[in-house]
1. Please go through segment 191-207 and give me each residue that is surrounded by 12 or more Cβ atoms within 10 Å (Cβ to Cβ) and modelled with pLDDT of 95 or more, ordered by number.
2. Take segment 136-184 and flag every residue that is more than 23 Å from the chain's Cα centre (by Cα), surrounded by 13 or more Cβ atoms within 10 Å (Cβ to Cβ) and closer than 30 Å to residue 231 by Cβ.
3. Is there any pair with a first residue in segment 57-68 that is surrounded by 15 or more Cβ atoms within 10 Å (Cβ to Cβ) and a second that is part of a strand (DSSP E or B) and charged (D, E, K, R) whose Cβ atoms are under 9 Å apart and which are 6 or more apart or on different chains, and what are they?
4. So residue 326 passes all but one of these: (1) part of a helix (DSSP H, G or I); (2) over 31 Å from the mean Cα position of the chain (by Cα); (3) charged (D, E, K, R). Which condition number does it fail?
5. Out of the residues in segment 18-41 that are hydroxyl-bearing (Ser, Thr, Tyr) and surrounded by 14 or more Cβ atoms within 10 Å (Cβ to Cβ), which is nearest to residue 300 (Cα to Cα)?
6. Would you be able to say whether some residue in segment 389-398 is within 18 Å of the chain's Cα centre (by Cα), in a loop (DSSP other than H, G, I, E, B), crowded, with 19+ Cβ neighbours inside 10 Å and not hydroxyl-bearing (Ser, Thr, Tyr)?
7. Does segment 345-366 contain at least one residue that is assigned to a helix (DSSP H, G or I), under 30 Å from residue 416 (Cα atoms), touching a residue at least 60 places away in the same chain (Cβ under 8 Å) and among the aliphatic types (A, V, I, L, M)?
8. On the basis of being open to solvent by 50 Å² or more (accessible area, probe 1.4 Å), in contact with a Leu (Cβ under 9 Å, 6 or more places away or on another chain), charged (D, E, K, R) and under 30 Å from residue 222 (Cβ atoms), does residue 371 make the cut?
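The values are calculated or read from the model by the stated rules, or taken from the named source; none is laboratory data. Please read these numbers as outputs of a predicted model, since none were measured by experiment. Glycine gets a Cβ as well: all are built from the backbone with ideal geometry, and neighbour counts include every protein chain shown. Surface areas here come from the heavy atoms of the whole protein model, side chains and all, with no ligands, DNA or RNA. Shrake-Rupley method; radii C 1.70, N 1.55, O 1.52, S 1.80 Å.
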Amino acid sequence: MSKPLKQIHLAAHFPGVNSTTVWSDPAAGSQIDFDSFVHFARTAERAKFDFLFLAEGLRLREQGGEIYDLDVVGRPDTFTVLAALAAVTEHLGLTGTINSTFNEPYEVARQFASLDHLSGGRAAWNVVTSWDAFTGENFRRGGFLPREERYERAREFLDTAHELFDSWDGAEILADPVSGEFLRDAGPGAFAHRGKQFDISGHFNVPRSPQGRPVIFQAGDSHEGREFAAASADAIFGRYGTLDEGRAFYADVKGRLPRYGRTPDELKILPAATFVFGDTDAEARELAHEVRRLQVSGATAIKYLEHVWNRDLSGYDPDGPLPDVDPEPGENTIALGRASVRMNRDPVAVAREWRERAAAGGLSIRELVIETTARQSFVGSPLTVAQAIDALVQADAADGFILVPHLTPGGLDAFADTVVPLLQERGVFRREYEGPTLRDHLGLAAPRALAPVHG
């Protein structure tokens, strides 16, 4: 008996502050005008996508002591944007990234419960952590949190938020005009949390929302991040979308679920992916090459190299060879506010690997950066792209993809008009929404009590 076809989950990431966005393209629009968000969201909804995803940036990045303006500079507030989009969409899920290091659980729970009410059950929270003291300077407590404690705080933050969400069971409001009784329960929203990170009590003032709790996303890749996701998340915003890496990550994370009393269907794995189309595969490959050259200019390539070398490399030719000097040891001080610099735990080893890779391929600095910064990308005709997405999902390399177009706001249009119908014809993607909430779109059951995390 053949295995039933998996249904593909698709979402759209509004490409904000990063070099994925080709802001210099004449077809590119504003990254901050509300019209851009409306066009993007309505296209995703027209294509029956599960949700729109917003990342987060809490401070303008700096490099070499100056604002890093080669990325698109500036990002509007997540809750403001999502609340406004709730009013101009009907079905699309609304996912926002909110940091658990610099916020307070009562405030964040109140904001997400409110968004879930305003949207009729379409809110989702991508829980991220930070130990970045540079970003922390923007906040009252600064960069106080030691690196090793960030997931401890995140776990308690999320547990506390759940206690607040669950402090209403949904039956408290009577609203009987005859008797004059509004509340059936005299003490709705009562909570008391006593823990290492938070010691709060009182009454949560937002009644239970349509989903009970927002859908929870997690975006980390470390052992701690994977455990956090297995214990507490409904979906992962992943990094691995290729067949081998994707299947390994998929099997690893799904294999952690039983220890928390959960089944594989309770956690969706959704890697980010870019895409480039052409009428033919050859045309698409040529266009994809042009897009990468626009995303990684010569100046951008040098800046990327500085993230690893932790020193000024502005005198180097981006079309020339890699520096023969080693990276500066210690904390990265030349690039501030970028999470990617923390991924290079051993810069000397990374530099050695990059030199070997450049030598083997005869690559210049720019060519090497284009290769090393590439993410999962679907390139080809619409049919080729549809087949590739379907194949990866059916092979358990992912449950779907969060698509990141390189153009704002019209970068999703062609995907909606060409690839989505092909996926629908293959019977692996919905033709209509089947329920009102984001949990319905993702095939997730109503939330239940979660197991404690033992990381």
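1. Within segment 191-207, 191, 193, 195, 198, 200, 202, 203, 204, 205, 206, 207 meet the criteria.
2. Across segment 136-184, the qualifying residues are 142, 144, 163, 164, 166, 167, 168, 172.
3. Taking only residues 6 or more apart or on different chains, the pairs are 68/62.
4. (1)
5. Among residues in segment 18-41 that are hydroxyl-bearing (Ser, Thr, Tyr) and surrounded by 14 or more Cβ atoms within 10 Å (Cβ to Cβ), the one nearest to residue 300 (Cα to Cα) is 19.
6. yes
7. Scanning segment 345-366 turns up no residue that is assigned to a helix (DSSP H, G or I), under 30 Å from residue 416 (Cα atoms), touching a residue at least 60 places away in the same chain (Cβ under 8 Å) and among the aliphatic types (A, V, I, L, M).
8. Judged against the criteria, residue 371 is a match.
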